[in-house]
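Participant: Before I ask anything, let me first share the structure, which is written out below as structure tokens.
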Amino acid sequence: MIDDKLLLLKRHACSSGLSDEVLREIASACDLIRAEPGDYLHRSNQKVESVFLLVHGRAKQTIVDIHGNVAAQRFHIAGGQFGALAAALREPAPMDLVVVEPATLLRLPYTSVLELTKKHEAFRQNFSKLIAESVLNTLLKDRSQKQPALVGVFHQTSATRPITRKLVSRLCELGEKLQVLGDHPDWKPIEDAPYFCLKDKNGYIPIEDVRKQVKLSADSKRSFIDVDTRIDPERTSLIAEICEKIFWCVTPENWQASLSKLRSIVEEAPNWRDKINVIWLLPGDSPWSPVASEFEELAKRDFKLSFDEPPKNQSRELLNGLERIIHQLRGIRIGVALGGGAARGMAHLGVLKALEQAGIHIHMIAGTSAGAMTGVFYASGMEPDYNAACFVKDLTPSWFFRMLPNGGYWYLLSKYRRRKFDPMLRKYLKNSSLQQLAIPVHSVTVDLISGTPVVREAGDSVHAITESINLPVLSVPINRNGRALIDGGIVNNIPADVLVANGCNFVIAVSVTAGMEQEFASNRPDTPTDKMKRASSIKTILRTYIVQHVNMNSVGVAPADFVIQPDVTGFDVTEFTRADEMATIGEETAIECLPKLKELLTRFDDKLFPPSP
């Protein structure tokens with residue numbers, strides 16, 4: 001038993017830098033606990049007399065006020081601790097701690113913690129760091145994400161087997177030392193990543209040998225368990241229990257064969273869904289994954305990637321899919337918030353292009369109005385320069401409108417009133433849903449019935465755009481599913497907060513309305529009253545939105561870590577025919593910002609984003 005506790009203790013963050021002798025002393029003071037979902041580790045208003053070290057699994061902490069109402073909740077994950085601060089108070093604590101998925105814990109009496117931290121300085125430092133991280137997470141809403149030490153990769157077909165190898169090789173390039181446990185007998189060795197085969201001549205090795213090897217892998221910072229989905233249920237459950245993140249790899253041809261196995265995993269412990277990620281391996285000429293709504297109940301998120309060069313006019317975002325997974329494993333999720341601004345939003349295309357070429361791979365996009373339109377198109381896999389050219393072609397007014405005074409405004413009004421945006425956008429997006437796109441994207445709109453913002457992250461891609469760009473007065477609300485939807489810019493023009501709420505821990509905001517030209521209808525601040533010109537109603541409406549966007553920028557952008565502000569004030573808000581010029585300005589502005597942006601990212605991970613020489 002002491003050996004089991006010692007090996008498990010080595011997997012916990014509090015063991016960093018400690019000798020085997022010290023670890024053995026700590027382990028001897030611990031009790032080993034294996035808990036099932038629903039088991040209480042502590043009940044409200046009882047004294048906390050022990051500290052729990054969570055090795056595998058997850059537990060939910062609920063703080064209850066004097067009226068018995070829930071005041072706050074948080075989850076404890078593998079590598080964390082619970083109970084140190086509460087035990088120090090030496091009085092009943094108003095909190096429940098309940099296991100939400102099968103868990104393995106080490107329990108230390110608080111008196112033993114005091115003795116051991118006093119005796120061993122390194123243990124005291126490790127323990128103090130755990131407490132500090134817990135406080136930061138709870139009080140300061142720290143956005144840092146723990147890097148999973150145990151990663152399970154399941155393959156529905158041999159075609160996806162190279163994914164694990166590429167992930168391991170890339171992590172080794174970044175300086176990690178890993179161990180791989182797998183059922184692939186022909187695995188070729190990778191330096192700094194020893195391989196342990198889970199099979200012998202008789203088939204899969206006994207499950208206790210698997211447990212033992214996992215415990216022995218504590219000396220590696222990270223371990224991968226790489227198996228076929230046809231592995232037996234007992235081993236599947238073990239992997240699901242001990243791994244902090246699971247990648248379920250499928251292709252468009254075989255994804256449906258995974259559903260029954262995934263359902264059985266989630267039925268065994270519903271909270272395991274939160275660590276399951278689907279990886280779609282797609283052919284290069286297919287930028288979208290199949291419609292697979294069944295996965296939404298079985299996995300928290302998905303990743304799309306390809307090993308094939310993309311065809312003409314398609315971006316390299318699927319090739320970058322593997323690097324997005326690496327970012328996730330390294331604890332980084334980068335989000336980009338794109339603001340509204342009518343035609344000026346075309347500058348977003350250049351910003352996105354510059355970020356991609358600089359190796360800053362986006363995990364999620366949130367956009368409002370023009371930001372939703374450019375964001376959805378980019379997430380769909382369309383190459384930014386080609387996208388800008390399409391907007392120029394599709395939004396060039398006919399001869400009739402070019403001959404009219406303020407013809408650009410009347411042309412835009414005509415596009416809205418005649419509902420021409422849907423067929424124009426559908427030429428490229430077809431009937432795709434947001435869930436099928438290469439990058440998760442959220443669009444922001446407003447419901448006039450409830451008076452609240454609506455964030456769309458699923459459903460028809462074209463609807464996500466037309467709802468968000470639906471300018472009041474120029475158009476009528478879009479009635480859909482009990483909602484009357486209009487442009488989201490009236491409440492949240494740059495939705496950085498949406499990205500934070502969805503797990504992004506580094507957010508880049510792009511604003512095309514940070515500045516505003518001091519001129520309207522040829523009137524300037526120094527124009528005498530008798531010389532001022534009367535503005536048309538349409539021009540007044542659009543100017544009103546720009547003014548509103550400028551003043552609303554601070555609402556959604558506040559949580560952003562970095563802001564890029566292309567100066568496109570010299571372009572009229574209807575000049576979609578100059579989309580390529582505005583995209584160029586966006587690209588140039590982003591390139592100018594890259595040194596400072598990369599400096600910030602270096603603080604997150606100096607291996608993924610090495611400092612400039």
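The values are calculated or read from the model by the stated rules, or taken from the named source; none is laboratory data. The structure displayed is predicted, hence computed values, not measured ones. Cβ: placed from backbone, ideal geometry, glycine included. Neighbour counts: every protein chain shown. Keep in mind that these areas ignore ligands, DNA and RNA; they rest on the heavy atoms of the full protein, side chains included. Shrake-Rupley method; radii C 1.70, N 1.55, O 1.52, S 1.80 Å.
Participant: Can you give me the angle between helix 537-557 and the longest principal axis of the chain, using Cα atoms only, in degrees from 0 to 90, rounded to the nearest 10?
Facilitator: For helix 537-557, the angle is close to 20 degrees.
Participant: Evaluate the distance, in nm, between pseudo-label points positioned 7 Å from the Cα of THR111 and of ASP192 along their respective Cα→Cβ axes.
Facilitator: Here the modelled spin labels are 4.7 nm apart.
Participant: Apply the Debye scattering formula to the range 135-288, with a single equal point scatterer on each alpha-carbon and no solvent, then give log10 I(q)/I(0) at q = 0.10, 0.11, 0.14 Å⁻¹.
Facilitator: Log10 I(q)/I(0), no solvent term: -0.38, -0.46, -0.74.
Participant: By how many degrees, 0 to 90 and rounded to 10, does the Cα axis of helix 110-119 deviate from the longest principal axis of the chain?
Facilitator: That helix lies at roughly 90 degrees to the long axis.
Participant: Still on this structure, I have one more. Please identify every one of the trypsin sites (Lys or Arg not before Pro) in the range 149-253 that sits in a loop by DSSP and has no more than 15 other beta carbons within 10 Å of its own beta carbon.
Facilitator: LYS177, LYS201, LYS221, ARG230
Participant: Next question. Using θ = phi - 60° and the Karplus form 6.51 cos²θ - 1.76 cosθ + 1.60, what ³J(HN,Hα) does each residue of the range 463-477 get, whole Hz, x for Gly and Pro?
Facilitator: Values, residue by residue: 4, 4, 7, 4, 5, 6, 9, 7, 6, x, 6, 5, 9, 9, x Hz.
Participant: Take VAL22 and SER293, extend 7 Å from each Cα along the Cα→Cβ direction, and tell me the distance between the two endpoints in nm.
Facilitator: Result: 5.6 nm between the two label points.
Participant: Now for a separate question. What's the longest uninterrupted piece of the chain once you rule out the GluC sites (Glu not before Pro) that are loop residues per DSSP with at most 16 other Cβ within 10 Å?
Facilitator: Longest run free of exposed loop sites: 254-456.
Participant: Give LYS166/LYS215; LYS188/LYS312; LYS212/LYS607; LYS212/LYS304 a once-over and call out the pairs whose C-alpha atoms are over 29 Å from each other.
Facilitator: Violating the 29 Å limit, Cα to Cα: LYS188/LYS312; LYS212/LYS607; LYS212/LYS304.
Participant: Apply the Karplus curve 6.51 cos²θ - 1.76 cosθ + 1.60, θ = phi - 60°, to the phi angles in the range 300-314 and return the couplings in whole Hz, x for Gly and Pro.
Facilitator: Values per residue, Gly and Pro as x: 6, 8, 9, 10, 10, 8, 8, 9, 9, 5, x, x, 4, 6, 9 Hz.
Participant: Then there is this: Using a cut-off of 24 Å between alpha-carbon atoms, which lysines can reach LYS119, once sequence neighbours fewer than 8 places away in the same chain are excluded?
Facilitator: List returned: LYS5, LYS10, LYS129.
Participant: Something else about it: At a Förster radius of 41 Å, what calculated FRET efficiency corresponds to the Cβ-Cβ distance of TRP399 and ASP530, to the nearest 0.05?
Facilitator: E(calc), rounded to 0.05, equals 0.70.
Participant: Could you please report the charge total around ALA87, scoring K, R as +1 and D, E as -1 over all other residues with beta-carbon less than 14 angstrom from its beta-carbon? Walk me through the numbers on the way to the answer.
Facilitator: Numbers: positive: LYS47, ARG90, ARG107; negative: GLU49, GLU91, GLU115.
Value of the local net charge: 0.
Participant: How much length, in nm to one decimal, is gained on full extension between SER128 and ILE591, taken as 0.36 nm per residue of separation minus their Cα-Cα distance?
Facilitator: So the chain would gain 162.6 nm between SER128 and ILE591.
Participant: Pop the C-beta distance of ASP39 and GLU208 into the FRET formula with R0 = 35 Å and round what comes out to the nearest 0.05.
Facilitator: Working: r = 23 Å, r/R0 = 0.66.
It comes to 0.90.
Participant: Only sites in a loop by DSSP and with at most 13 other Cβ atoms within 10 Å count here; which trypsin sites (Lys or Arg not before Pro) in the range 306-383 make the cut? Intermediate results must be reported in sequence, preceding the final value.
Facilitator: Details: sites: LYS312, ARG316, ARG324, ARG330, ARG333, ARG344, LYS353; in loops: LYS312, ARG316, ARG330, ARG333.
Of the trypsin sites (Lys or Arg not before Pro), the ones in loops of the range 306-383 whose Cβ has at most 13 other Cβ atoms within 10 Å are LYS312.
Participant: How much of the accessible area of the range 1-135, probe 1.4 Å, is carbon plus sulfur, in whole percent?
Facilitator: Working: 3250 of 6570 Å².
Within the range 1-135, the accessible surface is 49 percent carbon and sulfur.
Participant: Need the list of aspartates and glutamates near LYS415 for cross-linking: C-alpha distance under 12 angstrom, and skip anything on the same chain fewer than eight residues off.
Facilitator: Once the sequence-local aspartates and glutamates are set aside, what remains near LYS415 is ASP394.
Participant: Treating cross-link reach as a plain straight distance, find the aspartates and glutamates whose alpha-carbon is under 15 Å from the alpha-carbon of LYS60, omitting any fewer than eight places away in the same chain.
Facilitator: Leaving aside aspartates and glutamates fewer than 8 places away in the same chain, those within reach of LYS60 are GLU36, ASP39, ASP96, GLU101, ASP274.
Participant: Taking the Cα-to-Cβ direction at ASN479 and at GLN256 and moving 7 Å from each Cα, how far apart do the two end points lie in nm?
Facilitator: 3.7
Participant: For the range 277-292, what does the Karplus curve 6.51 cos²θ - 1.76 cosθ + 1.60, with θ = phi - 60°, yield as ³J(HN,Hα) per residue in whole Hz, taken in order and with x for Gly and Pro?
Facilitator: In residue order, the calculated couplings are 10, 8, 10, 9, 9, 10, x, x, 8, 10, x, 10, 6, x, 6, 9 Hz.
Participant: Let me ask something else. Figure the gain on full extension for ASN271 and LYS300 (residue separation times 0.36 nm, minus the Cα-Cα span) and round it to one decimal in nm.
Facilitator: Numbers: separation 29, 0.36 × 29 = 10.44 nm, distance 1.01 nm.
Computed gain between ASN271 and LYS300 is 9.4 nm.
Participant: List the residues whose amide H sits under 5 Å from the amide H of ASP226, counting only those 5 or more places along or on another chain, with H placed 1.01 Å from N in the peptide plane.
Facilitator: Here the answer is VAL153, LEU181, GLY182, ASP183, since their amide H atoms fall under 5 Å of that of ASP226.
Participant: If you count only protein heavy atoms with a 1.4 Å probe, what accessible area per residue comes out for the chain, rounded to a whole Å²?
Facilitator: 43
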